[in-house]
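Take a look at the structure set out below.
Just so you know, all these numbers are worked out from the coordinates, no wet-lab data involved. Here the structure is a predicted model, which is why all the values come from computation and not from measurement. Because the Cβ atoms are built from the backbone with ideal geometry, glycine has one as well, and the counts that use them run over all protein chains shown.
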Amino acid sequence: MNPIKVLLVDDHAIVRDGIKALIQTDGIEVIGEASTAKEFFSLLKVQIPDIAILDISLPDISGIEITKKLAAEYPVIKVIILSMHLNEDFIFNAVKAGALAYLPKNSTRQELIEAIRKVAIGEEYFSEPVSNIILKSYIKKAKNEGNSENSLSSRELEILKLFAEGKTNKEMADLLFISTRTVESHKNHIMQKLGLKSTVELIKFAIKNHIIEI
């Protein structure tokens, strides 16, 4: 089986060295490094990676702008954003640009490798802090959308809030004095009401319906 080919883009060599040390393992190969967007696109003339791991803050153009350019010119390359910036605007703009994963720079080796493997097969990956930001933002906006046909009930918002805080089904059941089966049923209803199947679809729904402003 061919290894997953990864290209790193970060303007700090010590950060690139650290990432490479963490992810260079059986099944994952770092084939190149760049400190700027210009260097990155020069490398693409030589070899195309399966995945580009991008920082957002770069000397020339941002990782988000690189992601947009890749989506238009190199759609085969999947993007993971690895950034110290954890706020709504960066996260939603990255996803809107085409990133399949977003992780903070203090992520563990296990998280990075899991993200790479999921993104390599076309799945999305968001670390727990990023998922919490996404869901809490949705809850905040949804409470102001009371007249929307897609609005959630107060109990569904409760479930969503607890889920955003990282609670397990059992923990939510204990806090709300309901069964774990009921918790799972509420979670399914939330996704069904919104017609969504994944976190990425939730973000796109929120952007499209102005629940989250970009």
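Can you say whether Leu82 is part of a strand (DSSP E or B), within 26 Å of Glu128 (Cβ to Cβ), in contact with a Leu (Cβ under 8 Å, 6 or more places away or on another chain) and in contact (Cβ under 8 Å) with a residue 60 or more places away in the chain, as far as the supplied structure shows?
Here the answer is yes, as Leu82 does meet what is asked.
Has the stretch 3-24 got any residue that is of a type in the set (S, T, N, Q) and not in a loop (DSSP other than H, G, I, E, B)?
No; the residues of the stretch 3-24 include none that is of a type in the set (S, T, N, Q) and not in a loop (DSSP other than H, G, I, E, B).
Restricting to the stretch 41-58, what's the tally of residues that are of a type in the set (A, V, I, L, M, F, W, C) and not in a loop (DSSP other than H, G, I, E, B)?
7
Of all residues in the stretch 82-120 being touching a strand residue (DSSP E or B) at 6+ places or on another chain (Cβ under 9 Å) and of a type in the set (Ser, Thr, Tyr), which is surrounded by the fewest Cβ atoms within 10 Å (Cβ to Cβ)?
So the residue we want is Ser107.
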